[in-house]
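Read the structure below first, then the notes.
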């Protein structure tokens, strides 16, 4: 009789940690786009907070992904997709980190760059859109690993006896 594996396995930490930053970063982009038209500081502050929390979560997701890499890479058929997923995750994290640094600098020096504020905000939005594109494709590769190659997934026996 097969035994059901423990849920709290190392390779499970990555999917548990990755979804929250995806949502935070995408909503941060929406908030930052709204700041282009709204004069309310709450949108600006909210977008900055969401961006900061999303980046922390993104780096945690990369850490847990690296933990899972050693376990999952031995069980999948095409490890090149895993490597692409990992490389794109780093690019995504650095783009969003650069966006956050630019956002903080914009807030610190807002009085000095008031005349060029729209230009810098537009650059920030472009960075966030680029990061969101990378985030989406990185997530697609992650889904490909899970749903096409079974990365980190337990496959029950044909009779599902381990659930009895």
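The values are calculated or read from the model by the stated rules, or taken from the named source; none is laboratory data. In this text the structure is predicted, and so the values were computed from the model without any measurement. Backbone-built Cβ (ideal geometry, glycine too); neighbour counts: all protein chains shown.
Check off (1) surrounded by fewer than 16 Cβ atoms within 10 Å (Cβ to Cβ); (2) free of Cβ contacts under 8 Å to residues at least 60 places away in the same chain; (3) in a helix (DSSP H, G or I); (4) in contact with a helix residue (DSSP H, G or I) (Cβ under 8 Å, 6 or more places away or on another chain) for residue 148 and give me the number that stays unchecked.
Of (1) surrounded by fewer than 16 Cβ atoms within 10 Å (Cβ to Cβ); (2) free of Cβ contacts under 8 Å to residues at least 60 places away in the same chain; (3) in a helix (DSSP H, G or I); (4) in contact with a helix residue (DSSP H, G or I) (Cβ under 8 Å, 6 or more places away or on another chain), only one is false for residue 148: (4).
With the requirement that a residue be at pLDDT below 90 and more than 15 Å from residue 129 (Cα to Cα), what does the stretch 16-41 give you?
Residues of the stretch 16-41 at pLDDT below 90: 35-41.
Selection gives 37, 38, 39, 40, 41.
Go through 68, 89 for me and flag whichever is touching a residue at least 40 places away in the same chain (Cβ under 8 Å), under 12 Å from the mean Cα position of the chain (by Cα) and in a helix (DSSP H, G or I). Before the answer, list the steps.
Details: 68 fails: under 12 Å from the mean Cα position of the chain (by Cα).
Result: 89 is the single residue among 68, 89 that is touching a residue at least 40 places away in the same chain (Cβ under 8 Å), under 12 Å from the mean Cα position of the chain (by Cα) and in a helix (DSSP H, G or I).
In the stretch 107-121, is there at least one residue being surrounded by 13 or more Cβ atoms within 10 Å (Cβ to Cβ), closer than 19 Å to residue 33 by Cα, more than 20 Å from the chain's Cα centre (by Cα) and in contact (Cβ under 8 Å) with a residue 40 or more places away in the chain?
yes
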